[in-house]
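In what follows, a structure is listed as structure tokens, so that the remarks can point back to it.
Just so you know, all these numbers are worked out from the coordinates, no wet-lab data involved. Treat the numbers as computed from the prediction; the structure is a model and nothing was measured. Here the Cβ is made from the backbone with ideal geometry for all residues, glycine too, and neighbour counts use every protein chain on show.
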Amino acid sequence: MATVIPPPSKRQKRENLELSSTQQDVSEPTPDAGSFRARILDDAGEPIIDAVEIQFADASEKNLSTLVNTYLGREQDDFLPYRFDIHLPGKDTIVGVFPSSLLSLLQQHGVTAASETIITLSARPQAVFKVRIASRQLHKIRGHTQAILVCQWHPDTKIKRLATGSGDGTARIWDGDSGTPTHTLKGHTSWVLDVRWSPDGTKLATGSMDGTVRIWDPQTGAPIGKAMTGHRGWVCSVAWQPYHLWRDGEGPRLASAGGGKDDNTVRTWLVNSGRVDHVFSCESGVTCVKWGGTDFVYAASKDKTIRAWDAKAGTIVRHMKLHSHKVNHIALSTDYVLRTGFFDPRSQSPPATEEEKVKIARERFEKVAKKGDKVTELLASASEDFTAAVWDPINMQDKKPIARLQGHQKAVNHLAISPDGTLLATCGWDNHAKLWNAKDGKFLHTLRGHVGTVYQCYFSADSRMLVTSSKDTTLKIWDVRSGKMLKDLTGHEDEVWAVDLVGALVASGGKDTTVRIWT
Amino acid sequence: MPQNEYIERAQKLHGKRLDTEERARKKAAREGHKQSENAQNLRGLRAKLYAKERHHQKIQMRKQIKQHEERNVKGNAQEKEPTNPVPAYLLDRANPTTAKALSSQIKNKRAEKAARFSVPIPKVKGISEEELFKVVKTGKKVAKKAWKRVVTKPTFVGPDFTRRPVKYERFIRPMGLRYKKANVTHPTLNVTVQLPILGVKKNPSNPLYTQLGVLTKGTIIEVNVSDLGIVTASGKIAWGRYAQITNNPENDGCLNAVLLV
């Protein structure tokens, strides 16, 4: 009887499998490409590292990021991921996408003696977390009997409650995880034009076509107090006072903007008593109102100007005139932090005590807005005159904007500033969105792809993605770094009028009366 | 009937009369007198024709005057509140009313599988080949074998079609019975628009008829709907849509169809 070789042991089998399944590294070790001297600038353009010798072989974004973090003396746990823009020596061009081989990129752009020039890199800190791309439809929720005009997620990313306002005169609250309705808020007699969660998530404000503002308790779905009447036209926009400005004993305040032809006022209300605090007026209907982190109330109006009032004193402080047609929308660089208040997406649970909440809300605001000891809250305005503009209303000296963004071929409908305050996205009637640098208004990318008017755009919390909604029934997700489309979310049967996102969940609604949640 | 452009030629050769402009001015100035005289004195059929023409002219004139008056009015005539809900940023905006208002009702219907394959006219009378084709017997060779046919019903012939040589042309589609456009009705909007035909998708009687592009009642045609601004589910502008012919084009001399949505 012939000898039979025993079957391979488990270990042998595993090793064989590994050998056959993994790709062997057959690439040649890269020849020594030499080194270069790098100067690394921070966000504001100040040098972090004046000159440092780096091997070309080691010049990857990850290594450079580690270098910057070590240089700034951070602990391993506090390391921030950085993205680097390469300033090509001797040219004005800045390359925004870091290549796999820096040397070949420099050679492509005609830099021959790469090892002898100092190459300037500007480091842009990125969010430490990363938002997943929404790629499929999670829920299609029917319920509203008329078109959905506005939607907004609860400020806490973990709660995942969605509020929508509709043309049937109701606002509804939905559970984002299960896609089920929780409450129907009935009371308005006409369309609900705006829905805003308070920054602590305990109240919901709705503004309606019938000229009233109502406050609701999202836990029970019951109204709080009576309808706040005073506007004579419709209420097209409402804004909550940022959490860190809520005064003791008085509770939150709310600003509402009156549109229509008889009403040109912005009213601020004491929410707890339903009393009017101040009435500010414009020359023509108001289109959008925002409440800044320094207690300024900003309002864009059809009279072509943007006004800022001090909400405490009740006086006008800025009057920004530039646009030659009505101003459609305004956005603040602090929109995201003011809206989310003390809910930090990184922390596990919200702070327990009142003082802590205010402290965290203030810290989050200052992290975005404070440069040195100066608070700069950027304001961007989108206008019907085909342009957008960036302003610094707090430190404004000469009544001029920081930049005027020209490039759109039709009216600009909506804009958003990224949560880290570096990017600005505009979108409008010329079927595409554009990305700009929010700080100096430099043009970055045109996001082409929609075949209808782009109605709204929002950034994800990590400022790496942009979601746009359009008349062509689609939502599109864009990579802000390369300006490429990442995902096309199709499924709506008609125009998409409202979109909002929290974490990886995107909610949208529009003319086809269904709310859709994408993940 | 003028033969050739002899007036222009004479003017080019010899120039105009020196008093041409004055004569034209005078003629125009007397136009009113002339019209009045005609209106008073013409009798019989001439008077009828004249009155009809004048009536038509006056309608046009009044319309034009009205247009001018409307143009002169400053500001918005009246601000109407839109009847369908729109978000705050679309309020107060003069939206061009498109025929796009495809209600979600039809769209829901489309989502149902059953609705997708039902057409407005499910059953049509079959048309025999004897009825559709006329045998051509002209010419010695042709008469002997009689292989040539003339299509007796309306047809759609694509824009880039050229007829084949006589020797090889088996089916003749007469020029007088060719159609390029169809009056297409949108079933829910109740609007009818004239749209160019792109092709014949299916003639239910016979696959050969489909190939020949024969247009009879119940035939499914593809029409160019790009003017209507209909958008597909994936957000592209819809270009071609199917429609079904609802009349007998050979009797009516026009092509009526209903859009399949």
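How much mean residue ellipticity at 222 nm does chain B get from its helices, if each DSSP H run of length 4 or more adds -39500 (n - 2.57) and you divide by all residues, to the nearest 500 deg cm²/dmol?
So the helix-based figure for chain B works out to -10000 deg cm²/dmol.
Rule-of-thumb check for chain A: C-alpha Rg over 2.2 N^0.38 Å?
Computed over Cα atoms of chain A, the ratio equals 1.10.
Determine, at each q value in 0.24, 0.25, 0.26 (inverse angstroms), the log₁₀ of I(q)/I(0) that the Debye formula gives when each Cα of region A:124-196 is one equal point scatterer.
Here the Debye-derived log intensity ratios amount to -1.12, -1.18, -1.24.
Give me the extension gain from residue A:145 to residue A:116: residue separation times 0.36 nm, minus the current Cα-Cα distance, reported in nm with one decimal.
Taking residue A:145 through residue A:116 to full extension adds about 3.6 nm, to one decimal.
Give the calculated FRET efficiency between residue A:16 and residue B:208 to the nearest 0.05, with a Förster radius of 56 Å applied to their Cβ-Cβ distance.
0.30
With chain B treated as a Gaussian network of Cα nodes joined by springs under 10 Å, which of B:132, B:208, B:49 yields the largest mean-square fluctuation?
Comparing B:132, B:208, B:49 in the GNM, the peak value goes to B:49.
If one takes the longest principal axis of the Cα atoms in chain A, at what angle in degrees, from 0 to 90 and to the nearest 10, does the Cα axis of helix A:10-21 lie?
The angle comes out near 80 degrees.
Between residue B:37 and residue B:70, how high is the FRET efficiency from 1/(1 + (r/R0)^6) when r is the Cβ-Cβ distance and R₀ = 30 Å? Nearest 0.05.
0.30
How large is the charge dipole for chain A, taken about the Cα centre, if only the Cβ atoms of Lys, Arg (+1) and Asp, Glu (-1) carry charge, to the nearest 20 debye?
In total the dipole reaches around 1180 debye.
Helix A:354-369 sits at what angle to the longest principal axis of chain A, using alpha carbons and giving 0 to 90 degrees rounded to 10?
The helix A:354-369 is inclined about 70 degrees to chain A.
Could you run the Debye sum over the Cα atoms of region A:353-437, one equal point scatterer each and no solvent, and tell me log10 of I(q)/I(0) at q = 0.16, 0.20, 0.22 Å⁻¹, two decimals?
Ignoring solvent entirely, the Cα scatterers give -0.70, -0.91, -1.01.
Go ahead and estimate [θ] at 222 nm for chain A from helices alone: -39,500 (n - 2.57) per DSSP H run with n ≥ 4, summed, over the residue count, rounded to 500.
-3000 deg cm²/dmol
Could you give the nm distance between label points at residue A:272 and residue B:188, where each point is 7 Å from its Cα heading toward the beta carbon?
5.1 nm
Could you work out the Kirkwood radius for region A:58-136, taking every pair of different alpha carbons, averaging 1/r and inverting it, reported in Å?
14.2 Å
Roughly how far apart, in whole Å, are the Cα centres of region A:233-270 and region A:466-493?
A separation of 32 Å, based on Cα centres.
Could you compute how fast region A:243-381 diffuses translationally, taking Rh as the Kirkwood radius over C-alpha pairs and applying Stokes-Einstein at 25 °C with viscosity 0.890 mPa s? Give it in µm² per second.
It comes out at roughly 154 µm²/s.
Taking a temperature of 25 °C and a viscosity of 0.890 mPa s, what whole-number D in µm²/s does Stokes-Einstein yield for region B:216-261 with Rh from Kirkwood over alpha carbon pairs?
Rounded to a whole number, D works out at 214 µm²/s.
What FRET efficiency would be calculated for the residue pair residue A:132, residue A:50, taking the C-beta separation as r and a Förster radius of 41 Å, to the nearest 0.05?
For residue A:132 and residue A:50, the calculated efficiency is 0.60.
Length gain on complete extension for the stretch residue A:229 to residue A:442, per 0.36 nm per residue less the alpha carbon to alpha carbon distance?
Length difference between fully extended and current span is 72.4 nm.
When only Cα pairs under 8 Å and 6 or more residues apart are kept, what is the percent relative contact order across chain A?
The normalised contact order for chain A reaches 11 percent.
Which residue, B:33, B:14, B:186, tops the fluctuation ranking in a GNM of chain B built on C-alpha contacts under 10 Å?
B:14
Past the 26 angstrom mark, what percentage of all C-alpha to C-alpha distances in chain B do you count?
Tail of the P(r) past 26 Å holds 67 percent of the pairs.
With contacts defined as alpha carbon pairs under 8 Å and 6 or more residues apart, what's the relative contact order of region B:110-261 in percent?
Once divided by the residue count of region B:110-261, the mean separation gives 21 percent.
Quickly work out the residue B:181-to-residue B:167 label distance, labels modelled 7 Å from Cα along the C-beta direction, and quote it in nm with one decimal.
For the pair residue B:167/residue B:181, the computed spacing is 4.0 nm.
Expressed as a whole number of Å, what is the distance separating the alpha-carbon centroids of region B:192-217 and region A:309-339?
Each part reduced to its Cα centre gives a spacing of 60 Å.
Sorted by mean Cβ packing within 10 Å, highest first, what order do the peptides B:144-153, B:164-173, B:217-226, A:500-509 take?
Result, highest mean Cβ count within 10 Å first: A:500-509, B:217-226, B:144-153, B:164-173.
Would you please calculate the Kirkwood hydrodynamic radius of region A:393-516 over all C-alpha pairs and express it in Å, rounded to one decimal?
Taking every pair of different Cα atoms in region A:393-516, averaging 1/r and inverting gives 14.7 Å.
Along the charge dipole of region B:130-197, Cβ charges K/R +1 and D/E -1, which of B:196, B:155, B:186 sits furthest on the positive end?
B:155
Given 37 °C and 0.692 mPa s, compute D for region A:214-322 with the Stokes-Einstein relation, Rh being the Kirkwood radius over Cα pairs; round to the nearest whole µm²/s.
Roughly 233 µm²/s, to the nearest whole number.
Using Cα-only point scatterers and the Debye equation, what is log10 of I(q)/I(0) for region B:155-229 at each q in 0.11, 0.18, 0.25, 0.28 Å⁻¹, rounded to two decimals?
Once normalised to I(0) and log-transformed, intensities are -0.33, -0.79, -1.24, -1.38.
From Cα pairs below 8 angstrom and at least 6 apart in sequence, can you work out the relative contact order of chain B, rounded to a whole percent?
Taking the mean separation of contacting Cα pairs over the length of chain B, I get 14 percent.
Average projected area of the Cα convex hull of region A:135-277, in nm²?
9.0 nm²
Toward the positive end of the charge dipole of region A:86-155, about the Cα centre and with charges on Cβ (Lys, Arg +1; Asp, Glu -1), which of A:100, A:121, A:137 goes farthest?
Most positive-ward Cα: A:137.
How many nm is it between the label spots at residue A:409 and residue A:366, if each spot is 7 Å from the Cα in line with the beta carbon?
With each label point 7 Å from Cα toward Cβ, the separation is 4.8 nm.
Against the 2.2 N^0.38 Å scaling, with N counting residues, where does region A:1-142 land? I'd like the Cα-based Rg ratio to two decimal places.
Relative to the rule-of-thumb radius for its length, region A:1-142 sits at 1.62.
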